[in-house]
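Student: Could you have a look at this structure, given as C-alpha cells, before my questions?
The values are calculated or read from the model by the stated rules, or taken from the named source; none is laboratory data. Everything numeric here is computed off the predicted structure, so don't read it as measured data. For the accessible areas, the whole protein counts, side chains as well, though only heavy atoms, and no ligand, DNA or RNA atoms are used. Shrake-Rupley method; radii C 1.70, N 1.55, O 1.52, S 1.80 Å.
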Amino acid sequence: MSNRFDNPAMAYDPFGEPVEIACQGAPTAGDRRARSIAVIGFWLVAATLTASRVYLADEPVAQMVANAHAQVAAFITAIL
C-alpha cells in the first residue's frame, strides 16, 4: 500500500511546464514539539512587547526620548 507522501506530485512552473515535486512526509513528533515551542516563544515575546508598550504609553513621547537620551549620555560618560 503506497502512502500519499511517497508519490511525486505534479506542479507547473511559471511557463506552464510540468514539474515533478516530491511531497515531504508527515512531520515527526520532534518537529511538532519544536514548532509549538517556537510558537509559544513568539507569542510570549509579542505579548511582552505589547504589554510593555501599553505600560510605557502613559509617559509622553518627548519625556521618553529625553530619558533615553539621558541614559545614553550617562552610559557614554561612564565608559569614557
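Student: Return the residues of the stretch 1-59 that are part of a helix (DSSP H, G or I), at pLDDT 65 or above and open to solvent by 100 Å² or more (accessible area, probe 1.4 Å); say none if nothing qualifies.
Tutor: Correct list: ARG32, ARG33, ARG35, ILE37, ILE40, PHE42, TRP43, LEU44, LEU49, ARG53.
Student: Does ALA70 qualify as being over 31 Å from the mean Cα position of the chain (by Cα), of a type in the set (A, V, I, L, M, F, W, C), at negative phi and at pLDDT 85 or above? If you could, list the steps in order and put the result at the bottom.
Tutor: On the way: over 31 Å from the mean Cα position of the chain (by Cα): yes; of a type in the set (A, V, I, L, M, F, W, C): yes; at negative phi: yes; at pLDDT 85 or above: yes.
Judged against the criteria, ALA70 is a match.
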